[in-house]
Amino acid sequence: MASSSAQRSSQRSERQNHIPHGRSAASSLSRSVDNGQQLLPNNLSVRSKLHASRPSLPPSSRTNCSNHDPEPARVRVAVRLRPRNAEDLLSDADFADCVEIQPELKRLNLKKNNWSSEAYRFDEVFSESASQRRVYEVVAKPVVESVLSGYNGTVMAYGQTGTGKTYTLGRLGKDDASERGIMVRAMEDIISSTSGSDSIEISYLQTDFSRERSRIDKYSLATQLYLESIQDLLSPEKINIPISEEPKTGKVTLPGAVVVKVQDLDHFLQILQTGEANRHVANTKLNTESSRSHAILMVSIRRAVHEEEKEIPFQEKDSKGNLSYDGGIPIVRNSKLLIVDLAGSERLDKSGSEGHSVEEAKFINLSLTSLGKCINALAENSPHIPVRDSKLTRLLRDSFGGYYDASLGKKGWPLNFKGRRKEAMKVVNMLKLKEEFDYESLCRKLENHVDHLSAEIDRQLKLRDRERIEMERSLRECHESFDKAEKSLVARSEFLQKENAHLEIELEGTLNELNRLKDENNFMHSEVARLEISLKHVTVYYTCSFLLYYSSTIHGRKESDKIMVKLQESYEVHQKTANELDSLKAEYNELLTDKATLAEELNAMRLTLQIQEKQRKAVEAELVRLKKLVPENGDDYEDKKSHVKENRAKPLVLPKLNQSRETISGQRATIAKICEEGKKLVLLLSSP
Ligand SMILES: Nc1ncnc2c1ncn2[C@@H]1O[C@H](COP(=O)(O)OP(=O)(O)OP(=O)(O)O)[C@@H](O)[C@H]1O
C-alpha cells in the first residue's frame, strides 16, 4: 500500500513536470513493417485523467455542473509488448526483428530495415515482462482516482487481434489474482474507495458490426456506419440499444441497457464473466475467436462528497452580494469510467486471411477511423468533433471531456499508429467535474431531520406533560400536607386552649384554696389571740381565786373545794383549748402539706405548659414553613397563633406564703408560751 501511494505521488509529480496545466494521455501502438505486413501487434490504451492540482470551482458552478470550469488534461499513451505465445514460437516470429523497446527512455524503435529505424516516444513503454499490476497502476489507476474524484475517465485498448487487449483489460484472474486485468483492478479500487451510501453501477456492452452486414452492399458507407448497433452483453437479446444525450449537460446514457448495481468484487466478477461468456458466444456464432466488436464496460459512480473533500465550501451570495456559507446541502459527484476493449485493428488483407469478411473488417476499421477522426479533431482544436460518425464515438462523447473546442494539435489522424500516437498525445481534454446537488439525498436528509424534530417535539411534549403531572401531584401533596398540618395545628391549638382553660380553672381552685387557708390562718390567729386573752382572764381569775382561797383557808375548807372544782373546770377548759389548738396545728400542718403538694402540681403544670408551649412553637414554625411552601390560607393560622399567644400571656398569680409562714411560727411560739403558763399555773395550784 505504501509503495502504491509512493508510486502514485511520483506519477503525479511526473505528470506535473510533463504537463503543467493538465494531465491525460492516450497510448496507441500498432506495428507495421515496411512491406506492409503486420507482424507483432501490440495494444493501445487511451485514457484521460484530471490534473492533480485542480483549480477551485466557482461558487455558482455548484448549482449546475455545466458551469464548472473545465480542467485541461492531456491524453496519455502507453504501449505494451506482449510475450511471444505458442503461435509466435511456432512461426518463429521474433519481435526483436522489427521492434526495439527502451522502457527507461519511454521509447520504441520500429526497425525499417537493418540500418534505419523510426523512434517513437510514449508516456509509458511496457516490456513483455511488465506485470498486470504495474500496467494497471501506471495506466489505469490515475484514471480511476480521477473518476473517484468526480471526473469522467476512459481507458481504451487498441491493437490488432491477438495483441493482448482483452488480456490487459478484461482478464478475470480468478485462479491467479496477479493476472487480474484493468477492469477487475479498477473495480477493486472503486469498491474499496466508496462507502455503502455511494452507488456503483455497471453496464457491459459491445458495438456489433455483424448484424447489418447484408445491408452493407445496399447502402452508402456513411449509412453503413449508422448501422453499427449496440448490444447488451449482460442481456444479449437486447440489441440496437439507443444512445441518449442530455442536451444541457451532454451526459451520455443508454436507457435500454441493463444496469447492475455492484455489491462487491465477487458480484462484479460474476457479471464480468457473464458478459465475457456472451461476448464469446457472439464471436463463436461468427465462427471466429477474435473480437469483432468493441467491448465497453461502463462504470457509473455516484459518490457523496464528504466535507473534507470539498475543495471550497458551498457558497451563496446574499442580497448584498456577500458570500454566505451553507454546508447543509449534500453534494454528489457523478462520474463515469469507460473501459473500452476495441475491436482488432487488423488490415484488410490480414483480416481476410483470418476469416473476417472484408466488409466487416472495413466496418470495424471505419469505426476506429471515426474514433481517430474525433481525436484528430480534438488535436486540431477543431470547432466540430465528428462524434456522430459512429456509436462508439457517440458513447465516448462525454468522456472526451465535453469541451470540444479546447484541444491542441496540428496534424491529421492517419490510419497508421504513428500519427495517432502523436495526435493523441497532443489532445488536451478539458475535463469537467460532474458535481451536482443531491436533492434526493437532501430531501431524505431533511425528511429525516423533520422526523427527528417531530420525534423530539413529541418527546419534549411528553416530558413536559410528565413534569406538569408531577408538579400537579407534588402541589396536591403539598396542599394535602398543608391541610393536614393546619388541621393538626388547629386540633393542637384547641387542645392547648382546653388545657389552658383547665389549668386556669385548676389555678383558680388552688388560689381559692390558698385564700381559704389564708382565711383559716387569720381565723387561727384571731382564735389564738382570743385564747390568749381568755387565758389572761383565766390567769387573773385564778390569781384572784388563789388569793381568795388563800384568804379563805382560814374561813373554810369548803370554799377551797369549790375553788378547786372551779380550778378543775378551768383546767379542763384550758385542756380543751389546748386540744383544739393541737388539732388546729395538725390541720394547719395538713394545709401546709396540701399547699406544698399544690405548689408541686403547679410547678408540674407549668413545666407541662412550657413543654406544650415549645411544642406549639415547633408546630407554629412547621406551619410557617408549610405556609411558605403554600402561601394561601395564612391569615387563619395567624389569628389562631395570636389567640394562643394572648391566652398564654396571662400571668400566674402566686400566693405570698412566706408571710403566712412567719405568722404561723409566731402563733406557735405564743401557744407554746400559753401552754407553759398553763402548766406553771396547774403546778402552782396543785402544790400544797
Ligand atoms: N502480457 C501477456 N502475457 C501473457 N500472455 C498474453 C499477454 N498478452 C496477451 N497474451 C495472450 O495472448 C493471447 C491473445 O490475447 P488477447 O485475446 O487478449 O488478444 P486481443 O488483442 O484481445 O485479441 P482480439 O482482438 O482477437 O480479442 C491470449 O492467449 C493471451 O493470454
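Derivation of every value follows stated rules applied to the coordinates shown; laboratory data play no part. Every value quoted in this text rests on a predicted model; they were computed, and no experiment measured them. A quick note on method: Cβ atoms are made from the backbone with ideal geometry, for glycine too, and the neighbour counts reach across all protein chains shown.
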**Q.** Compactness of segment 533-629 - radius of gyration and Dmax, Cα, Å
**A.** 32.5, 108
Q.
For a quick check: sort 267, 537 by the number of other beta carbons within 10 angstrom, fewest at the front.
A. 537, 267
Q. What residues have an amide H closer than 5 Å to that of residue 294, excluding those fewer than 5 places away on the same chain, when H is modeled at 1.01 Å from N in the peptide plane?
A. 207, 343
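Quick check on the exposure proxy: order 364, 469 from fewest to most C-beta atoms within 10 angstrom. Intermediate results must be reported in sequence, preceding the final value.
Numbers: 364 24, 469 10.
Ordered from fewest to most neighbouring Cβ atoms within 10 Å, 364, 469 come out as 469, 364.
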Q) For segment 140-198, what's the radius of gyration and Dmax over Cα atoms, in angstrom? A) 12.9, 41
(Q) Bin width 10 Å, origin at 0, all Cα-Cα pairs of segment 493-548: what percent of pairs per bin? (A) 21, 21, 18, 14, 11, 8, 5, 2
